[in-house]
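This report refers to the structure that appears directly beneath it.
Please treat every number below as a calculation from the coordinates, not as lab data. Since we're looking at a predicted model, the values are computed, not measured. We place every Cβ from the backbone using ideal geometry, glycine too, and count neighbours over all the protein chains shown.
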Amino acid sequence: MTETSSSPLSPAAQRVQAALDAHGLAIRVVELPVSTRTAHEAAQAVGCEVGQIVKSLVFRGRHSGRPVLILTSGANRVDVEVAAAQVGEPLEKAEADFVRAVTGFVIGGVPPLGHATPIPTFMDEDLLAYAEVWAAAGTPNAVFPIAPTDLQRITAAQVVRVKNR
Ligand code: 5CA
């Protein structure tokens, strides 16, 4: 076994590492001594552009009550009307308790995969402009790098436009 990390990951980050491992990707979750709670903090922590940070935003279908995950570039704000048109249902921003119940993770650490329940997933097309992006890995100081094409594949995400133009 080739274990390169120096200290064990926290349990929440381990769940994300296991989900990545299940897809056969040689990606290591990194837990940092600094906060990656926001896209700006995460970009600063790993030394990338804020647009390369993947925000894993949970919305709730207004009619169905079902969760929808929108993986958004850290440079963008989701226009809920634009997103709803592509999802096919009016959306509202989810409450923190709902996010925790459906994903199994707390806000600030919600990852794009490895959730407690399956969540239909959409991905901001702007993420595809980068060779590598960084996503949250279960805690507000854990992240992992991934090619956006791999992220799209392992989350089975539908690529969408999330901003108004
Ligand atoms: N770790 C970072 C970068 S990978 C991260 O998780 N960023 S995030 O954008 O995906 O997660 C924070 C998001 O959670 C915020 O953009 C905001 O949309 C949402 N959020 C923050 N506070 C609340 C809250 N009280 N209730 C619902 N959503 C919230």
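Basic side chains Lys and Arg get +1 at the Cβ, acidic Asp and Glu get -1 at the Cβ, and with that the dipole of segment 11-160 about its Cα centre reaches some 360 debye. Among the trypsin sites (Lys or Arg not before Pro) found in segment 66-115, those both in a DSSP coil and sparsely packed, with 16 or fewer other Cβ atoms within 10 Å of their Cβ, are Arg77. For segment 153-165, putting each phi into the Karplus relation 6.51 cos²θ - 1.76 cosθ + 1.60 with θ = phi - 60° gives couplings of 5, 6, 9, 6, 7, 8, 7, 9, 8, 10, 9, 7, 9 Hz, in residue order, rounded to whole numbers and with x for Gly and Pro.
Which residues among segment 131-165 fall inside the zone where the amide N is under 13 Å from a point 7 Å beyond the Cα of Ser7, along Cα→Cβ? The answer is 141-142. For segment 104-113, 3J(HN,Hα) computed residue by residue from phi via the Karplus equation (6.51, -1.76, 1.60; θ = phi - 60°) reads x, 10, 8, 3, x, x, 4, x, x, 8 Hz, glycine and proline entered as x.
For segment 97-165, the spread of Cα coordinates along the three principal axes comes to 31, 23, 23 Å, biggest extent given first.
Our coupling estimate for segment 37-52, obtained by passing each phi through the Karplus curve with A = 6.51, B = -1.76, C = 1.60 and θ = phi - 60°, is 5, 10, 4, 5, 5, 5, 4, 5, 5, 9, x, 10, 6, 4, x, 7 Hz, Gly and Pro reported as x.
With a ≥ b ≥ c taken as the square roots of the eigenvalues of the C-alpha gyration tensor of segment 1-76, please select rounded if a/c is under 1.5 and otherwise prolate if a/b is larger than b/c or oblate if it is not? Oblate. State the dimensionless ratio Rg/Rh of the chain (Rg: radius of gyration of Cα atoms; Rh: Kirkwood radius). Checking Rg against Rh, the ratio lands at 0.95.
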